[in-house]
Structures are given as structure tokens and as C-alpha cells.
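Heads up: the structure comes next, in C-alpha cells.
Here, each number is a calculation from the coordinates, and none is a lab measurement. Keep in mind that this is a model prediction, so the values were computed, not measured. All Cβ positions, glycine included, derive from the backbone under ideal geometry; neighbour counts span all protein chains shown.
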Amino acid sequence: MDLLTLKNIFKFLSTIGIALAFFFLLPIVTGVIYHEPMARFGWFDLLFLGVNAVIFALLYQHRLKMRIKDSILAVNLIWILLGIAGSVPLLLYTEVDFSSAFFEAISGFTTTGATVYSNIEALPKSILMLRSLMHWLGGMGIVVLGVGLFSLINPTGSLTMFKAESTGIKMEKVTPRIKDTALRLWSIYLILTFLDTVFLELGGMNLFDAINHAFSTISTGGFSTKNASLGYWSDSPFILWVSTLFMMLSGINFLAHLRLWNRDISGYKSEEVRWYFAIFLILSSLLTIVHLMSSSDALGFSMTHAFLTIASVMTTTGFASLDYEKWGSVAVAVIFIAMLIGGNAGSTAGGIKVIRHMVWFKNMFTQIAQILHPNAVTGVYIDKRRIDGKILGSVSGFMLLFAVTNMAVTIYLYARGYDPMTAITTSVACVGNIGPGFSMVGPAQNYAFFTPIDKYILSLAMIIGRLEFYTVVLLFARDFWRRY
């Protein structure tokens, strides 16, 4: 690794660190408002700010221009920085070891929502706000925030970092400068968060709970301030439907929201969005029927909880309003299918993403048609545009990496002695950044029982899933180090 790469990485990481130190003021202020002792958190934040400020000052004259290798390395290292920084306050104010604190922080920043805490309501308000804040920052992508920040330092901007972190097949450059795109996306993110907060308050939540749940909803994270998650408000259909609506909105490509900002609704007419809502309606309706057949609940009640459950799982948010494992094996099967869907590319949702399912299925039928009609001119089309062969290969590679990663984690957990359902759904829940699974990690359970080594491996699985495999796998390619 050459000196230029080290300077680029350290300047970028210090920039993110400085921003994170200022964001940490929110949980500190929250603690002060609720009369909690914030001295240790304050000293840590000051020290964290100071270290990053010194590094930034030493590299102030260095012109930050990220190359491909620098970007890939920085994107991977940033999650280690976030995990360590987020874990320190948890170690200071809660009774957990480092592996649990690191797992919780990674779960927060990757918007997975898997928690090691059994009694959430006993946590200090400052820590509850910190957990939600980690979701909110990680939702849009801490690196996208970084693009907006270091573009101010490097006016030419850089699309390299944005591509390395982007959650879809291809991140469009909507505005002429990537900095403008990043800042506008964050503006929309803020607006959606504000609107969700207002509606949740109108439904009866207090301001603290509303802000925390808005942070978790718009980021599709899933951390709650209550042990029962959204089940605490199960007697309020308004809150549950508002949460369902905003989870689904957050699962849509944010570039569609950005186009709406410019009075262009074409983004919502895309084939991916149509598939997204079609799959949601089919699975939600099916789960409603299953719930009606297995219980004596009314149609309205069944619809409310079924639609929220599918929205939560499909967008990889992870909220729960009821213990859906009690709905029967068919319900579990339907929910497991939703776990494998994901949201739109370019959204805050994790998972495989709807666009990849579209490309994969269309390519499969195209290959069948090619076998039946060897001389026919065939191709895969999305929104009437032919998909390039490189993208088809990328999607196939992603599907393979998703399967292989889940297989490896599942085999590891099964070898450790966990039952098959726990091993499989823990893997899918972590790699897909979903949070809850089934059996020992079901919606009424948590991840506290895993050993420290298990938590580190699951933390790595969450990071790999958040970075969508290629960004991590590249580090193990010899040509990556030789060529770049």
C-alpha cells in the first residue's frame, strides 16, 4: 500500500470521524434532557473528535482524490471505524462485553436491527437515541454522506466512492455533480423522517418514541424503544399503517423520490417499482388469508399485522407487531420468501433487491426460449431497455455470492450446535440486513445468546451484506492489489 493511498484513506476516514463526532451530540443532548450522566460519553466524543481533527489537520494540504483501490479500502475500513466508535458508548453505559457492543453497533450502522439487549426499555434514553441514530446514518449510507463532505474539500468530486457504496446495480448521476446528488438525497431523507415523526406523534406516540421510530423506519433499520417493538402500539392501527407506508416508501429507489422533487413522477412508474408493490400485495394478501384461517381475529386486524409484517421483512426493516412464528408453518414460509426479496436498488433496504430478481427471472426465461428457438434474437429488457451482458453476469455473480455466503454462515452456525432453522434464518437475517429470523432469533427473541466469536462472524456477515459482496470480495483478489 503506497503513501498516497494511506493519505487518501486517513483523510477520508478522519472526515467521516469528525462528522460522526458531531452527530454523537444528539444522544448526548438527549441524555442531558433526561438528566442522565453524560460526562463519560462527552469525554469520549471530545477525544474521538480530537483524534480525527488532528489527523485531518495533518493531511489538510493533501488533495483528496480517491482512486478505485483507495475507495474500496476506505469503504471497508469505514465500517470497522463505525463499529468501534458506536460500541464505546454502549460499553460505557450498558452491561455488555466488547463483542456484544461491536455487534450492536454494526447491526445499527448496517441497518440490520438485530439486538443483544433483552430489556430495551431499561436502556438509558441516550443509548436508545444512539441506536436509532446509527440506523439513520447508515440507512442512506454513511459513505454517501462522506461523498457530500469530501466533495466540499475536493470540488471536482468523485463518482468512484459513490459507486463503491451504492446499493443497486447502477447508481445514476442525477445532478451534474455527485455532491449535489448526495446532498439532495439527504434532504429527501430528512423530509421523510420529519413527516414520519409527525404522523407517529399524531397517532399517539410521544416525541421521543416518534423520533426514534422514524429514524429506524426511514433507514429500514428496525431498532425500537420498546421490548415489544411496534407491538407496543398494537391497539393503534393508525401507527401500524403509518409505519407500513413509510417502510414501503423507504424501500423505493430514492432517486425516484429525487425525481419527484423535480416534479417528475417517472421514477415511480418503473418496472422495478411495479414488481415491488405487486410482490408486496401478493405476499401480504396471502399472509392475511393464512392468519385469518389460523385464528379468530377480524379481517381488519389480520390485514394490519400481515401487511406490516411483510413490509417490515421485505424492506429488511425488522419491526414486529406480533410474534408471527405463532401463525403456523405456512405463514413462516410466506415470511421467509419475503426475507429473500428486499427493496428497490438505491433504497435504504437491504436484501437481494427486486431488480436482481427481475433480471434473474427474465434471464432464466430468455435462456429457456433460446434453447427452444436457437435462431431467435432474444434479450433481457427492463423498462423497454436491453440489459447489458455485463450486468447479467454481475447479477448472476451476486446471486451466487449471496448463496455461498449464506451457506458458509449457516454451516458454521449449524456446526456450532444451533438448530437448522436458527442457523439458516440467522444467516439470511444478518447477510440480508433484516434482523429477526425464526426459532432462537425469532421476533420475540434476541441475539444475546451467541458467543463472542459468533457475534464477530455475524458482524462480518452484516458488513458483507451491506456492501453487497463485491466490495469485500475484491480485497481477496490478487489482481486488485497488483493492478490498482
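Value of Rg to Rh for the chain, rounded to two decimals, is 0.96; Kirkwood radius and Rg both from alpha-carbon coordinates. In the range 366-484, a dipole from Cβ-located charges (positive for Lys and Arg, negative for Asp and Glu) runs towards its positive end, and of 423, 378, 436 it is 378 whose Cα lies farthest in that direction. Taking Cα centre as origin and charging only the Cβ of basic (Lys, Arg, +1) and acidic (Asp, Glu, -1) residues, the dipole magnitude of the chain rounds to 1980 debye. FRET efficiency for the pair residue 378 and residue 483, taken as 1/(1 + (r/R0)^6) with r the Cβ-Cβ distance and R0 = 35 Å, rounds to 0.50.
Can you show me the helix-derived [θ] at 222 nm for the chain, built from DSSP H runs with n ≥ 4 at -39,500 (n - 2.57) apiece and divided by the number of residues, rounded to the nearest 500.
Details: 21 runs with 316 residues, N = 484.
Using -39500 (n - 2.57) per qualifying helix, the result is -21500 deg cm²/dmol.
Cα-Cα pairs above 17 Å in the range 227-356: how many percent? Everything past 17 Å amounts to 56 percent.
Three principal axis extents of the range 352-426 based on alpha-carbon atoms, in descending order, are 52, 24, 18 Å.
Full extension of the segment from residue 414 to residue 329, taken as 0.36 nm per residue of separation minus the current Cα-Cα distance, would add 28.5 nm. The magnitude of the dipole of the range 19-104, with charges of +1 and -1 set on the Cβ of Lys/Arg and Asp/Glu and taken from the Cα centre, is near 600 debye. Compactness check for the range 1-55: Cα Rg over 2.2 N^0.38 Å is 1.42.
Modelled spin labels at residue 95 and residue 274, positioned 7 Å past Cα toward Cβ, are 5.7 nm from each other. In this structure the amide hydrogen of residue 382, modeled in the peptide plane, comes within under 5 Å of the amide hydrogens of 387, none closer than 5 places in sequence on its chain.
Model label points for residue 65 and residue 297, set 7 angstrom from Cα along the Cα-to-Cβ axis, are 5.9 nm apart.
Taking the number of Cβ atoms within 10 Å of each Cβ as an exposure proxy, the fewest-first ranking of 135, 35, 357, 305 is 35, 357, 305, 135. Compared with the direct C-alpha span, the chain from residue 396 to residue 40 gains 123.3 nm at full extension, assuming 0.36 nm per residue.
Across all Cα pairs in the range 1-146, the calculated P(r) in 10 Å bins from zero up to the longest distance comes to 12, 40, 32, 13, 3 percent per bin.
Under 12 Å from the Cβ of residue 206, count the other residues' Cβ atoms, weight Lys and Arg +1, Asp and Glu -1, and hand me the total.
0
Projected over every direction and averaged, the convex hull enclosing the alpha-carbon atoms of the range 34-101 yields 6.3 nm².
Once the Cα-Cα distance is subtracted from the 0.36 nm per residue extended length, the residue 5 to residue 32 segment shows a gain of 5.7 nm. Here the range 338-464 is treated as an ellipsoid with the same Cα gyration tensor; its semi-axes, largest first and in whole Å, are 35, 15, 12. By the count of other C-beta atoms within 10 Å, a proxy for reagent exposure, 366, 317, 288 are ordered fewest to most as 366, 288, 317. Cross-link pairs exceeding 23 Å in C-alpha to C-alpha distance, out of 7/353; 226/326; 125/226, comprise 7/353.
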